[in-house]
Every structure is written in C-alpha cells, then in structure tokens.
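> To start, I am sharing the structure in question, which I have written as structure tokens.
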Amino acid sequence: MKKIKAYLNQFWFLKFLVNRYALVLLFFVVWMVFLDNYSYLEHRVLDKEINLLEENIQYYKKEIKEDSIRIKKLKNSDQVEKYARENYYMKRENEDIYLIEFEDEKKAITEEKTK
C-alpha cells in the first residue's frame, strides 16, 4: 500500500486516473469518440460525404442551367438546323460538305482511343 501511495505522490496524473469521476469521464470520452454509433469518426466520414454531395448539387445545377439555355435555343428552327449541321454533318440539297482533319488531331484521337 505504501508503494502505491508513493507512486501516486510521484506521478500526479495517476492521482487523476484513480479518481472515479475522472475514470467515468475518460470512459465517456472514449465511448463517444470511438465506440458510439454517432461517434466523431463516423461524423467525419458523413461530413465528407455531405460535402461531396453538395459539390455534385452545384455541378448539376450548373448543367441544368446550361441545358435549359440550349433547349431554349433549339426551339428556333434556324438553331436546330445549325445544330444538326455542326454535330451530325447534315446538309442541304445540292450542297457538299468537306471535313478537314489535321494530322495532329488524328494523332490525339488515336492516342485517346489506345488509353
């Protein structure tokens, strides 16, 4: 018993750990940080997921806005014709379309396909 008291006097933090209130507090903190269903570690994971989802929301709102602008433009028949000619290489009667490809573009396309 004297050895225990000597250790308690020598090391101040042992006095603190022997106190039952300190033990309960330590147990509670360990429980809340590591073991509980709503632990701090679980909250960190959920917060990261929330931030990722909020970034996705912002991205999709921007895409929706851009798409709605495109839809408004495509309600005009001239814009529909322009879109079809540029993207699907459609043409009018008695009209020829020439596609000009540069070698640098061909190399870039073939490199992308091989990746």
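The values are calculated or read from the model by the stated rules, or taken from the named source; none is laboratory data. Since we're looking at a predicted model, the values are computed, not measured. No Cβ is skipped: glycine too gets one built from the backbone with ideal geometry, and neighbour counts run over all protein chains shown.
> Test of understanding: among N19, N51, which residue is at pLDDT 95 or above and of a type outside the set (D, E)?
It is N51.
> Against the definition (surrounded by 10 or more Cβ atoms within 10 Å (Cβ to Cβ) and free of Cβ contacts under 8 Å to residues at least 24 places away in the same chain), how does S39 come out, yes or no?
yes
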